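Rule-based calculations on the coordinates, nothing more; no lab input. Values in this document were obtained by computation on a predicted structure and should not be read as measured data. Cβ: placed from backbone, ideal geometry, glycine included. Neighbour counts: every protein chain shown.
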Amino acid sequence: MKKKLFVVVLIALIVSMGFLRDYIFVSLNRFIEAGSDVDGKLFLLKWVLTFIFSLLYLGITCVFLYILFQTQQYTRIAVFSYALLFAAALSSASAGYFFSSFEAVYPFVRQILGVAQSPIVMMILVPFCLLNESLSHS
């Protein structure tokens, strides 16, 4: 019963974080698009917040997987998945910066980091882990 309640609390936290993140980023984008960010501090704040929200989603994903499966194996897979997302975003941004322009790759980088700061990774890993569990017990 305690496990189910904790899972429900985590799901409520994930949904709440999604609304909070959306509100913050939509507000920041409005200020930036209105020309209120002449020194680029809001744009920089968006990058910091992106990293923070990604780490929060990583943490929740790890806790969620550990509660469901009681093994650190799946939490390591979650950490590896997030590290891959960050590496893909960083390498894409670097390639764009050095070979073309950062503006050219920014939409792609933004999409990758959008996955990192959403429950998508968890939504992929939970069925993957369930499948792995069922196959290993067959």
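Applying a threshold of 9 Å to beta carbon distances and a minimum spacing of six or more residues, or different chains, the list of pairs starting in the stretch 89-109 at a residue that is surrounded by fewer than 10 Cβ atoms within 10 Å (Cβ to Cβ) and ending at one that is part of a helix (DSSP H, G or I) reads GLU103/GLY96.
Scanning the stretch 112-131 for residues that are loosely packed, with under 15 Cβ neighbours inside 10 Å and either in contact with a helix residue (DSSP H, G or I) (Cβ under 9 Å, 6 or more places away or on another chain) or touching a residue at least 24 places away in the same chain (Cβ under 8 Å) (or both) yields ILE120, ILE124, PHE128, LEU130.
Considering every residue within the stretch 81-103, establish whether at least one is under 27 Å from LYS2 (Cα atoms) and in a helix (DSSP H, G or I).
Quick first cut of the stretch 81-103, residues under 27 Å from LYS2 (Cα atoms) only: none.
No.
Filtered by the rule that a residue be assigned to a helix (DSSP H, G or I) and either hydroxyl-bearing (Ser, Thr, Tyr) or surrounded by fewer than 13 Cβ atoms within 10 Å (Cβ to Cβ) (or both), the stretch 60-71 gives THR61, TYR66.
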